[in-house]
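Working notes, beginning with the structure itself.
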C-alpha cells in the first residue's frame, strides 16, 4: 500500500513538473543500401496477422493505448518491420513517411524521408544486435521506393539505444529536443540543424498519436 501511494505521489509530481531530453538523429539510407545484415535474425515486413501475434506477447508490455496506436499506424499505411529468431518475434519497429507529432509540435517530413516509430526489442533478445538489423533492413528495402533519409529519436539516458544507432553507417545527430512539462502542459525546446522543421501542431497530415502518448519502453530507436 505504501509503495502504491509513493508511486501515485511521484506520478502526480511528474505531471506538475518534469524534464525529458532526446537526441534527434538521421540515417543516410543510401549508405545502408549495400551494407549486409549481421545475420542474427530473419527480418521481414509484417501485416495485420503479425500485429495480432505481437499483441499476444506478454513480455512486450503492450498496453491498450499502444494497441490503438499500432492499429492506427497500420491504417495509416506505415510499414511494420519485424525480426524473428527461430520463428519467434524478437524485435520490431514502425516506419512512416508522414509528418510526425512530437509532443506539442510536428516534425515536417519531405517526400524522400521516413520516420521510425516505437522500436522495441523483447527483453530476452536484447544485447544481440537485432534492432540494428531491423533498421538496416528498413532503410535498404525502402530506399528502393525513393526514400533517402530516415529519422528517429533516442532518449539521452537510453545508452543501449544510442550505442546501437552509432553502429550504423550514415548516422548523425541533427538536433536535441527537451520537453518541459509544467502543470500538465508540454513545452518543447529544440536546438540544432532541424529546429525550423519542428512546427506548432496543426493536426494536418500527421501520424495519429502524439509523441507524448508514447511510453519510455517504446523508444523509437534501436536497443
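Assorted remarks:
- Rounded Å value of the spacing that divides the Cα centres of segment 152-200 and segment 53-74: 24
- One chain, two ends: residue 59 and residue 191. Fully extended at 0.36 nm per residue, the span grows by 44.0 nm beyond their Cα-Cα distance.
- 22 Å tail of the calculated P(r), segment 30-127, as % of Cα pairs: 34
- With R₀ set to 45 Å, the beta-carbon distance separating residue 199 from residue 42 gives a calculated FRET efficiency near 0.70.
- Remark: spin-label model distance residue 35-residue 76 equals 2.6 nm, labels positioned 7 Å along the Cα→Cβ axis.
- For segment 10-111, the relative contact order works out to 21 percent when only alpha carbon pairs closer than 8 Å and six or more residues apart are counted.
- Semi-axis lengths, largest first, of the ellipsoid equivalent to segment 124-193 are 27, 18, 11 Å, with √(5λ) applied to each eigenvalue of the Cα gyration tensor.
FYI, it's all coordinate maths here, none of it is from the lab. Just so it is clear, the structure is predicted and the values come from calculations on it, not from any experiment. Neighbour counts are summed over all protein chains in view; Cβ atoms, including those assigned to glycine, are modelled from backbone coordinates with ideal geometry.
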